[in-house]
Amino acid sequence: MAATLSVNAILAILTPAYAGIEVFTVATEPMTSVPDDTVVVELDAPARLDGALSMDLPANPDAAAQAVQARMHSEDWQHLFKEYGRAYEAVARAWQLGIEKLPAVVVDGTYVVYGVHDVAQALKRIEQAREATQ
């Protein structure tokens, strides 16, 4: 009997719970007052990596395919390949958390503040909400 897993179950396995501060944003919306131990995720990173891979390709499709193949055999490709992996893991994490808007500051995978670019301010709001519910 073949076992099937839902997408959420797969993501739960691949993306362990994170106890700490995670920030989800894009490159055009920089964050301020970010604590050193914060995980900052720019959700537009995969698109930027795509741009780097396709930069300066010839207009001819066959020549472009050859150029991409050559790039994929370069030493830089291994670094870029790892960056792709990290970028898409971060996108999956945002999806798993149900991030609805950017920027988002998440604490312990449970508390989220949207639209605040100052992480210290977002953390204060989360702390106030925690205190109000206790």
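The values are calculated or read from the model by the stated rules, or taken from the named source; none is laboratory data. Only a predicted model underlies this, so the values are computations on that prediction, with no experimental measurement involved. Note that we place each Cβ from the backbone using ideal geometry, even for glycine, and neighbour counts take in every protein chain shown. Please note that ligands, DNA and RNA were not included when accessible areas were found on the heavy atoms of the full protein model with its side chains. Shrake-Rupley method; radii C 1.70, N 1.55, O 1.52, S 1.80 Å.
Here is how the numbers come out for the structure above:
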item	result
Breaking point among (1) closer than 20 Å to VAL41 by Cβ; (2) loosely packed, with under 11 Cβ neighbours inside 10 Å, for THR133	(1)
Selected residue (criterion: most open to solvent (accessible area, probe 1.4 Å)) from residues of region 51-66 that are among the polar types (S, T, N, Q) and either farther than 20 Å from LEU80 by Cβ or out of contact with any helix residue (DSSP H, G or I) (no Cβ under 9 Å at 6 or more places or on another chain) (or both)	GLN66
Close pairs (9 angstrom Cβ cut-off, 6 or more residues apart or separate chains): touching a residue at least 60 places away in the same chain (Cβ under 8 Å) in region 18-37, of a type in the set (Asp, Glu) and assigned to a loop (DSSP other than H, G, I, E, B) anywhere	TYR18/ASP108; ALA19/ASP108; GLY20/ASP37; GLY20/ASP108; ILE21/ASP37; ILE21/ASP108; THR25/ASP44; VAL26/ASP44
Selected residue [closer than 27 Å to ARG125 by Cβ and outside any strand (DSSP E or B)] from PRO58, PRO35	PRO35
Region 98-121, subset more than 17 Å from the chain's Cα centre (by Cα) and among the aliphatic types (A, V, I, L, M), residue surrounded by the fewest Cβ atoms within 10 Å (Cβ to Cβ)	ALA120
Filter pass, GLN128 being open to solvent by 40 Å² or more (accessible area, probe 1.4 Å) and either over 30 Å from ASP50 (Cα atoms) or in contact with a Phe, Trp or Tyr (Cβ under 7 Å, 6 or more places away or on another chain) (or both)	yes
Criterion (part of a helix (DSSP H, G or I), in contact (Cβ under 8 Å) with a residue 40 or more places away in the chain, open to solvent by less than 70 Å² (accessible area, probe 1.4 Å) and closer than 16 Å to GLY20 by Cβ) met by exactly one of ALA94, ALA87	ALA94
Residue in region 13-21 that is open to solvent by 40 Å² or more (accessible area, probe 1.4 Å), modelled with pLDDT under 95 and small (Gly, Ala, Ser) present	yes
Only one of VAL106, VAL116, VAL112 that is assigned to a loop (DSSP other than H, G, I, E, B), β-branched (Val, Ile, Thr) and within 15 Å of ILE21 (Cα to Cα)	VAL116
